[in-house]
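Presented below is the structure to which this report refers.
The values are calculated or read from the model by the stated rules, or taken from the named source; none is laboratory data. In this text, all values refer to a predicted model and were calculated from it rather than measured experimentally. Because the Cβ atoms are built from the backbone with ideal geometry, glycine has one as well, and the counts that use them run over all protein chains shown.
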Amino acid sequence: MQVKVSIIVACYNQSQYLDDCLNSVINQSYAEWECIIVNDGSNDETDELANKWVNRDNRFRYFEKKNGGVSSARNFGIKQSSGKYILPLDGDDYIHEDYIEVSIRTIESNPEISLVYSLVEKFGLENYQWNLGKYAYQKLLVGNLIFSTALFKREDFDKTSGYDESMKDGLEDWEFWIRLLNEDSKVFQIQKLYFFYRIKAQSKNRITPEMIEKIKLFIYLKHIDTYTKYFKSPISILEENSNLKSMYKMSLDYKFGHLLINPFRRILKKIILLKFRN
């Protein structure tokens, strides 16, 4: 008996790409799936298009919600799902027809594996195979090595607080992987091109380098206890980025945090996270 995979398609004003995305779902060689389409407050034709797919195949399910960002949409969709495995898929991307079948075969035959992903190609405004580097947990702490459309276990998701809904400007998948995985987690990359990541003008212009630096610093400070386990200090991980380093040196954590011991350090960390969320 095949196990069920829940594909969570979060979409916000992506109706022009949604057919491509959902067509790649219905064409999967693996048949035991449900696709949860979450309309995150779109004001385009997402509703009409999504209902067309629901009427075509009852494995598609459609929900609408107030706009809250991709983290909120994914969390909402996962709550509606019933699969043993979760596969997030943004409404403007698509997957190879064998992606789910090969991923399920891999993870079901190796229960110690926590997450499966593949090689990835960017397309649209940019067209090339995206080399994310070989996975290791300590390397993941330095920078994201896994794209958002990776297959993982629902039971592992339930042990987390889900995607951080305060992160609305990007890198929310990286922050989630840091919490979902740990140094003992087994991660497997299929050495085939099974995921296709669309690059659009909006995605290139939506987030500036300065915003990325701020989000990275937010992640470092949110997980400061994890980072200090693997690195001499959070500042050591920022050495090659002068902007992040200067931002960190201005923070209360750098000025006072390293002088304090728990539980005061935990309280200080909460104050810092509130500062960077605002």
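Here's the yes/no breakdown for (1) closer than 21 Å to S82 by Cβ; (2) in contact with a Cys (Cβ under 8 Å, 6 or more places away or on another chain); (3) in contact (Cβ under 8 Å) with a residue 12 or more places away in the chain:
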{"residue": "V3", "(1), (2), (3)": "yes, no, yes"}
{"residue": "A10", "(1), (2), (3)": "yes, no, yes"}
{"residue": "D20", "(1), (2), (3)": "no, no, yes"}
{"residue": "N27", "(1), (2), (3)": "no, no, yes"}
{"residue": "A31", "(1), (2), (3)": "yes, no, yes"}
{"residue": "E34", "(1), (2), (3)": "yes, no, yes"}
{"residue": "V38", "(1), (2), (3)": "yes, yes, yes"}
{"residue": "G41", "(1), (2), (3)": "no, no, yes"}
Return yes when E175 is touching a residue at least 12 places away in the same chain (Cβ under 8 Å), of a type in the set (D, E, K, R) and exposed (fewer than 14 other Cβ atoms within 10 Å of the Cβ) and no when it is not. no
From V116, V38, grab the single residue that is closer than 14 Å to Q14 by Cβ and either more than 20 Å from the chain's Cα centre (by Cα) or β-branched (V, I, T) (or both). V38
Applying the selection to the range 82-114, what residues are buried (at least 22 other Cβ atoms within 10 Å of the Cβ) and more than 30 Å from A201 (Cα to Cα)? Y85, S103, I104, I107
Of those in the range 150-207 that are out of contact with any His (no Cβ under 7 Å at 6 or more places or on another chain) and among the β-branched types (V, I, T), the residue nearest to D92 (Cα to Cα) is I199
Given the conditions (1) closer than 26 Å to S185 by Cβ; (2) modelled with pLDDT of 95 or more; (3) not hydroxyl-bearing (S, T, Y), every one holds for V142 apart from (2)
